[in-house]
Amino acid sequence: AERTFDASVTVRLDQRSPDAVIDSLAGTGGATADRRLTGVAEARGSSAVDGDPNTAWTTPFGGAVGATITVPLADGATVDRFDIVQPVDALHATITRVSYPTDAGTVVVDVPAPDPAGHSTVVLSSPVTGQLVLTVDAVTDASTVDRRFAERVGLPAAIVELTGLPLGTVAPAAVG
């Protein structure tokens, strides 16, 4: 027998999905990170290049060192410097050193202490084309007590904005 039903569907975003998956669902493309604050989709890599000072790529607690963000650059663009804007507060560790790959090997660069507004200019000794792949190599010694286990854990680092980069456009990845 023929029947009629009313159906409702609820779709929820898995806040732990990789950056590329979330960017694809959101219809955006851009910077991606290999990790972010657990369960916070807004803390993904694209937040570091979205022009919004209210968003940031934020690493996990205890996982700032080794975190990597990949930023596509405009075709033919060469980058030898950029500004990094970090939060200057008691809730985040400050990034003090980054590294990036080149054809000649990995280059390590000290990040100058941020000014009161969080700005630091990073000068690259070897210019980069194609994409900028930054790995956080060192942060300030900032920690808190984990509320679950009462153990010391490193505070997350965050990049509010990477400015001075000629950003390339990246089509969102297809979700399979």
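Looking for whichever is at pLDDT 95 or above, more than 19 Å from Phe61 (Cβ to Cβ) and within 14 Å of the chain's Cα centre (by Cα) here; the options are Val133, Val109, Val123. Which one fits? Answer to the check: Val133.
Which strands (runs of 3 or more DSSP E) sit wholly inside the stretch 18-120 and have at least 1 residues that are aromatic (Phe, Trp, Tyr), open to solvent by less than 20 Å² (accessible area, probe 1.4 Å) and out of contact with any helix residue (DSSP H, G or I) (no Cβ under 7 Å at 6 or more places or on another chain)?
The strands (runs of 3 or more DSSP E) meeting that bar are 78-85, 95-102.
Of all residues in the stretch 76-120, those that are hydroxyl-bearing (Ser, Thr, Tyr) and under 19 Å from Asp52 (Cα atoms) total 1.
Among residues of the stretch 149-167 that are at positive phi, those with a beta-carbon under 9 Å from a residue that is in a strand (DSSP E or B) and surrounded by fewer than 16 Cβ atoms within 10 Å (Cβ to Cβ) at least six positions away or on a different chain give the pairs Gly164/Arg81; Gly164/Asp83; Gly164/Thr121.
Per-residue answers, yes or no, for (1) closer than 25 Å to Pro101 by Cα; (2) touching a Leu at 6+ places or on another chain (Cβ under 7 Å):
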position	(1), (2)
Val11	no, no
Ala20	yes, no
Asp34	yes, no
Thr58	yes, yes
Ala74	yes, yes
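Could you tell me whether any residue of the stretch 7-21 is in contact with a strand residue (DSSP E or B) (Cβ under 6 Å, 6 or more places away or on another chain) and among the basic types (Lys, Arg)? Looking through the stretch 7-21, none of the residues is in contact with a strand residue (DSSP E or B) (Cβ under 6 Å, 6 or more places away or on another chain) and among the basic types (Lys, Arg).
If the condition is being open to solvent by 100 Å² or more (accessible area, probe 1.4 Å) and modelled with pLDDT of 80 or more, then the stretch 8-17 contributes Ser8, Val9. Across the stretch 131-154, the qualifying residues are those that are open to solvent by 50 Å² or more (accessible area, probe 1.4 Å) and part of a loop (DSSP other than H, G, I, E, B), and the one among them that is nearest to Thr32 (Cα to Cα) is Thr140.
The values are calculated or read from the model by the stated rules, or taken from the named source; none is laboratory data. These numbers were taken from a predicted model, which means no experiment stands behind them. Cβ coordinates were reconstructed from backbone atoms using ideal geometry, including for glycine residues, and neighbour counts include every protein chain displayed. Accessible surface areas use protein heavy atoms only, side chains included; no ligands, DNA or RNA. Shrake-Rupley method; radii C 1.70, N 1.55, O 1.52, S 1.80 Å.
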